[in-house]
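Some notes on the structure that comes next.
The values are calculated or read from the model by the stated rules, or taken from the named source; none is laboratory data. Please read these numbers as outputs of a predicted model, since none were measured by experiment. Every residue, glycine among them, receives a Cβ derived from its backbone with ideal geometry; neighbour counts consider all protein chains shown. Each accessible area value is taken on the protein alone, full model and side chains, heavy atoms only, with ligands, DNA and RNA left out. Shrake-Rupley method; radii C 1.70, N 1.55, O 1.52, S 1.80 Å.
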Amino acid sequence: METLVEIGQIVERSDLAAHVLPIVRNMARDNNEEEHRVQAAQLINELAPSLEVPLLDEFVVPHVQLLTGDPMFRVRKAVASNLGNVCTSLGVDKTSEFIVSARGWGRNRS
């Protein structure tokens with residue numbers, strides 16, 4: 001995990017989107033391994049400062065919303081514990097709109 005964060009901080013933005021984010025996406029969507037989803041929440045938070053606005057909107061927000069709706073408490077807790085960089089990168093308005101609002105937080109939960 002630390003290696004992905006280090007890579008994310010030194011590669012070109014286009015390479016980050018093409019090569020690093022797909023790994024994180026696969027981890028976030030891994031229904032078999034809870035630990036992968038926990039690590040995805042951590043990685044999203046660590047990588048958020050390296051992402052530009054379009055990638056925040058297209059990648060971070062949907063995956064945070066997905067993980068907040070996870071059936072496992074540990075995954076939801078990891079998301080809540082790893083929102084600092086995400087919220088800072090998104091800014092107040094987008095954080096309020098997508099992360100904290102009723103439309104965003106836990107949207108995918110049944």
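Within the range 19-31, the set of residues being open to solvent by less than 60 Å² (accessible area, probe 1.4 Å), touching a residue at least 12 places away in the same chain (Cβ under 8 Å) and out of contact with any His (no Cβ under 7 Å at 6 or more places or on another chain) comprises 20, 21, 24. If I filter the range 75-85 for residues that are of a type in the set (S, T, N, Q) and open to solvent by less than 60 Å² (accessible area, probe 1.4 Å), do I get at least one hit? Within the range 75-85, one or more residues are of a type in the set (S, T, N, Q) and open to solvent by less than 60 Å² (accessible area, probe 1.4 Å). Return yes when residue 46 is open to solvent by 10 Å² or more (accessible area, probe 1.4 Å), in a helix (DSSP H, G or I), more than 15 Å from residue 5 (Cβ to Cβ) and of a type in the set (D, E, K, R) and no when it is not. No: the conditions fail for residue 46. Number of residues in the range 19-43 that are of a type in the set (Asp, Glu) and assigned to a helix (DSSP H, G or I) equals 2. Give the residues of the range 1-18 that are in contact with a helix residue (DSSP H, G or I) (Cβ under 8 Å, 6 or more places away or on another chain), part of a helix (DSSP H, G or I) and open to solvent by 50 Å² or more (accessible area, probe 1.4 Å), sorted by residue number. Once the filter is applied, which keeps residues that are in contact with a helix residue (DSSP H, G or I) (Cβ under 8 Å, 6 or more places away or on another chain), part of a helix (DSSP H, G or I) and open to solvent by 50 Å² or more (accessible area, probe 1.4 Å), the range 1-18 yields 7, 9, 13.
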